[in-house]
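Worksheet: one structure, shown below.
The values are calculated or read from the model by the stated rules, or taken from the named source; none is laboratory data. These numbers come from a predicted model, not from an experiment. Backbone-built Cβ (ideal geometry, glycine too); neighbour counts: all protein chains shown.
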Amino acid sequence: MDVKNAIEKRRAYRSLEQVEITQDMIRDLATSASLAPSCYNNQPWRFVFVKSRSVLPKVFDALPKGNAWSKKASMIVAVYSLKELDCSIGDRTYYLFDTGMSVGFLMLRATEMGLVAHPIAGFDPEKVRNTLGLPDGSTLIALIVVGRHSDNINNDLSEWQREQESQRPPRKTFDEFCRIV
Ligand SMILES: Cc1cc2nc3c(=O)[nH]c(=O)nc-3n(C[C@H](O)[C@H](O)[C@H](O)COP(=O)(O)O)c2cc1C
């Protein structure tokens, strides 16, 4: 799959089925994430790959009703960082920017591997932090819900979530977010 295909194929699907996640797959995803650019090559991203049957349910406990579909995940990747791990130039602090780029790389590689990697911000951060023992002062930025896309629509989905399974949410037009000078 080339990059353009992976970009076009990636979707934040919410109907998932189980898939075996191996150590090799995790290392492959982490390697792809690690090849992202970062300010001074600081590599501020940190990931906890949660796949054990004993820990996953504790992360599921941190999900609100709107993200109940995530409980079908085969793995959840907790993405966190600390401001001190990356450049700050005046009011430009780059740890979130650089971590986001590495997550983008991870998601595209996951797509190429036939996985869904769906980022979510809707979770109780304190519950997840405590479960995973994240360092003080770190920012838990997102959870990436990983599984295999299922053609059977998840029963937990609302009407608008169901619609989005078959139709990608619309994007802004070129003129709404770009200008050429
Ligand atoms: C930072 C971030 C937070 C998100 N949070 C949620 C979430 O809590 N629940 C959810 O179902 N989707 C969440 N999404 C997925 C977006 O809704 C989805 O990417 C967007 O609607 C575009 O759809 P597409 O990715 O399939 O093109 C989030 C995406 C990002 C990047």
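Remark: pairs (first residue in the stretch 153-169, more than 10 Å from the ligand (Cβ to nearest atom); second residue not aliphatic (A, V, I, L, M); Cβ separation under 7 Å; 6+ apart in sequence or on different chains) = ILE153/SER15; ILE153/ARG162; ILE153/GLU165; ASN154/ARG14; ASN154/SER15; ASN154/TRP69; ASN154/LYS72; ASP156/TRP69.
Conditions (1) on the phi < 0 side of the Ramachandran plot; (2) at pLDDT below 95; (3) within 11 Å of the chain's Cα centre (by Cα); (4) surrounded by fewer than 20 Cβ atoms within 10 Å (Cβ to Cβ), marked per residue:
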{"site": "LEU96", "(1), (2), (3), (4)": "yes, no, no, yes"}
{"site": "LEU106", "(1), (2), (3), (4)": "yes, no, yes, no"}
{"site": "GLU112", "(1), (2), (3), (4)": "yes, no, no, yes"}
{"site": "ALA121", "(1), (2), (3), (4)": "yes, no, yes, yes"}
{"site": "LEU132", "(1), (2), (3), (4)": "yes, no, no, yes"}
{"site": "SER138", "(1), (2), (3), (4)": "yes, no, no, yes"}
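Looking at this structure, is ASN130 within 18 Å of ILE76 (Cβ to Cβ) and either more than 9 Å from the ligand (Cβ to nearest atom) or of a type in the set (S, T, N, Q) (or both)? Taking the combined requirement at face value, the residue satisfies it. When the stretch 153-167 is filtered for residues that are surrounded by fewer than 16 Cβ atoms within 10 Å (Cβ to Cβ) and either under 17 Å from GLY114 (Cα atoms) or among the aromatic types (Phe, Trp, Tyr) (or both), only TRP160 remains. Scanning the stretch 57-89 for residues that are under 20 Å from THR22 (Cα atoms) and within 16 Å of the ligand (Cβ to nearest atom) yields VAL59, SER70, LYS71, LYS72, ALA73, ILE76, VAL77, ALA78, VAL79.
Within 18 Å of the chain's Cα centre (by Cα), among the hydroxyl-bearing types (Ser, Thr, Tyr) and closer than 23 Å to GLN23 by Cβ: does that describe SER102?
Values: within 18 Å of the chain's Cα centre (by Cα): yes; among the hydroxyl-bearing types (Ser, Thr, Tyr): yes; closer than 23 Å to GLN23 by Cβ: yes.
For SER102, the condition - within 18 Å of the chain's Cα centre (by Cα), among the hydroxyl-bearing types (Ser, Thr, Tyr) and closer than 23 Å to GLN23 by Cβ - is met.
Would you mind listing the helices (runs of 4 or more DSSP H) fully within the stretch 114-181 where at least 1 residues are of a type in the set (Ser, Thr, Tyr)?
Values: elements: 125-132, 159-166, 174-177.
Where helices (runs of 4 or more DSSP H) fall fully within the stretch 114-181 and carry at least 1 residues being of a type in the set (Ser, Thr, Tyr), they are 125-132, 159-166.
With respect to the conditions (1) within 30 Å of ASN5 (Cβ to Cβ); (2) more than 16 Å from the ligand (Cβ to nearest atom), ASN42 lacks only one, and its number is (1). Scanning the stretch 1-54 for residues that are without any contact (Cβ under 8 Å) to a residue 60 or more places away in the chain, buried (at least 18 other Cβ atoms within 10 Å of the Cβ) and in a loop (DSSP other than H, G, I, E, B) returns GLN43, PRO44, TRP45, LYS51.
Within the stretch 4-27, the set of residues being within 13 Å of the ligand (Cβ to nearest atom) and polar (S, T, N, Q) comprises SER15 only.
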